[in-house]
Amino acid sequence: MPSSPRGRSGCLPLISLGRIGMKTAAIFAALLLSAVIAAATVRAETSDEEFRRGLSAFNTGDYVAALRLWRPLAESGEPRAQAGIGFMYHRGLGVGVDDHEAALWLRRAAEQGQAEGELMLGMLFYYGRGVPQSYVRAYAWCELAEIGGNADATLCRDAALESMPSDAERQEAFRLVVDLQERYGLRR
C-alpha cells in the first residue's frame with residue numbers, strides 16, 4: 001500500500017515543511033500576513049472613502065444615494081454611517097420618518113462611542129420619540145456625548161438633569177453614565 005501524504009490527524013497538511021523548509025515557510029507566512037494587513041488597510045480606506053462619498057451625497061441633498069452608500073457600512077458596524085442613517089430616519093430624509101428605526105441605528109453608533117449618535121439618542125430619550133421617555137437615559141447619553149467632545153450635548157444633558165424631580169433619579173443617571181462607560185468601553 002503506497003504511503004499517504006496525510007499526517008497523524010488524517011488531514012492533508014497545508015504546507016509540507018519537508019519540501020520547502022522552515023525558512024521558506026516563515027517567509028511565506030510573513031508574506032501572507034503582509035497581504036492580509038494590506039487588504040485590511042485597503043478595506044478601511046475604502047470604507048472611509050465610501051463614508052465620505054455618502055456624506056457628500058447627504059450634504060448635497062441626495063439622501064437616497066447617501067443611504068445606499070451608508071447602509072452597507074452601517075450594517076458592518078461603521079458608527080458614523082449608523083449615526084447618519086439614524087438621523088435620516090429621525091428627520092425623514094430619503095426615508096419615511098421613523099423614530100423607532102432612528103433609535104436602533106443611533107443606539108448602535110452610541111454604543112461605539114460615536115458622540116453625535118450619543119447626543120441624538122439622548123434627545124430621543126428626552127422627548128420619548130422612538131424609545132420610552134426617560135430623563136435618566138437622556139442625561140446619561142448626552143453626558144457621554146459631551147465627554148466625547150460634542151459641545152451641543154451640554155444643553156441636552158443640563159435640560160435632562162433639571163427635568164428629574166428627585167435626587168434618586170439624578171443618582172441613577174450618574175450611575176448609568178458609569179455603567180454605560182464600562183459596558184461599552186467608552187472611557188475617554
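The values are calculated or read from the model by the stated rules, or taken from the named source; none is laboratory data. Just so you know, these numbers come straight off a predicted model, no measurement behind them. Note that each Cβ is placed from the backbone with ideal geometry, even for glycine, and that neighbours are counted across all protein chains shown.
Points to keep in mind about this one:
- Count of segment 110-124 residues, restricted to those that are crowded, with 24+ Cβ neighbours inside 10 Å and part of a loop (DSSP other than H, G, I, E, B), is 1.
- Boolean, Ser76 is crowded, with 18+ Cβ neighbours inside 10 Å and among the polar types (S, T, N, Q): no
- Verdict on Gly77 being on the phi > 0 side of the Ramachandran plot and at pLDDT 95 or above: yes
- Within the span defined as segment 90-109, one or more residues are among the basic types (Lys, Arg), surrounded by fewer than 20 Cβ atoms within 10 Å (Cβ to Cβ) and more than 22 Å from Val177 (Cβ to Cβ).
- Ala83, sole failed condition from (1) over 29 Å from Ser56 (Cβ atoms); (2) in contact with an Asp or Glu (Cβ under 9 Å, 6 or more places away or on another chain); (3) part of a helix (DSSP H, G or I): (1)
- For Ala138, the test of being in contact with a helix residue (DSSP H, G or I) (Cβ under 6 Å, 6 or more places away or on another chain) and either more than 19 Å from Asp98 (Cα to Cα) or surrounded by 14 or more Cβ atoms within 10 Å (Cβ to Cβ) (or both) is passed.
- Flag if Tyr127 is surrounded by fewer than 18 Cβ atoms within 10 Å (Cβ to Cβ), of a type outside the set (S, T, N, Q) and either farther than 14 Å from Pro79 by Cβ or touching a residue at least 60 places away in the same chain (Cβ under 8 Å) (or both): yes
- Looking at Glu50, Glu101, Glu111, just one residue is under 16 Å from the mean Cα position of the chain (by Cα), among the charged types (D, E, K, R) and at pLDDT below 95, and that residue is Glu50.
Okay, residues lined up against (1) free of Cβ contacts under 8 Å to residues at least 24 places away in the same chain; (2) within 20 Å of the chain's Cα centre (by Cα); (3) at negative phi:
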{"position": "Gly61", "(1), (2), (3)": "yes, no, no"}
{"position": "Ala65", "(1), (2), (3)": "yes, no, yes"}
{"position": "Trp70", "(1), (2), (3)": "yes, yes, yes"}
{"position": "Gly86", "(1), (2), (3)": "no, yes, yes"}
{"position": "Gly94", "(1), (2), (3)": "no, no, no"}
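- Annotation note: of Asp167, Asp152, the sole residue that is over 19 Å from the mean Cα position of the chain (by Cα), surrounded by fewer than 22 Cβ atoms within 10 Å (Cβ to Cβ) and either modelled with pLDDT under 95 or under 22 Å from Asp99 (Cβ atoms) (or both) is Asp152.
- For segment 155-164, the set of residues classified as crowded, with 17+ Cβ neighbours inside 10 Å and within 26 Å of Asp98 (Cα to Cα) consists of Cys156, Arg157, Ala160, listed by residue number.
- Some residue of segment 156-173 being under 16 Å from Ala115 (Cβ atoms) and in a loop (DSSP other than H, G, I, E, B): no
- Residue in segment 175-187 that is surrounded by 22 or more Cβ atoms within 10 Å (Cβ to Cβ) and touching a helix residue (DSSP H, G or I) at 6+ places or on another chain (Cβ under 9 Å) present: no
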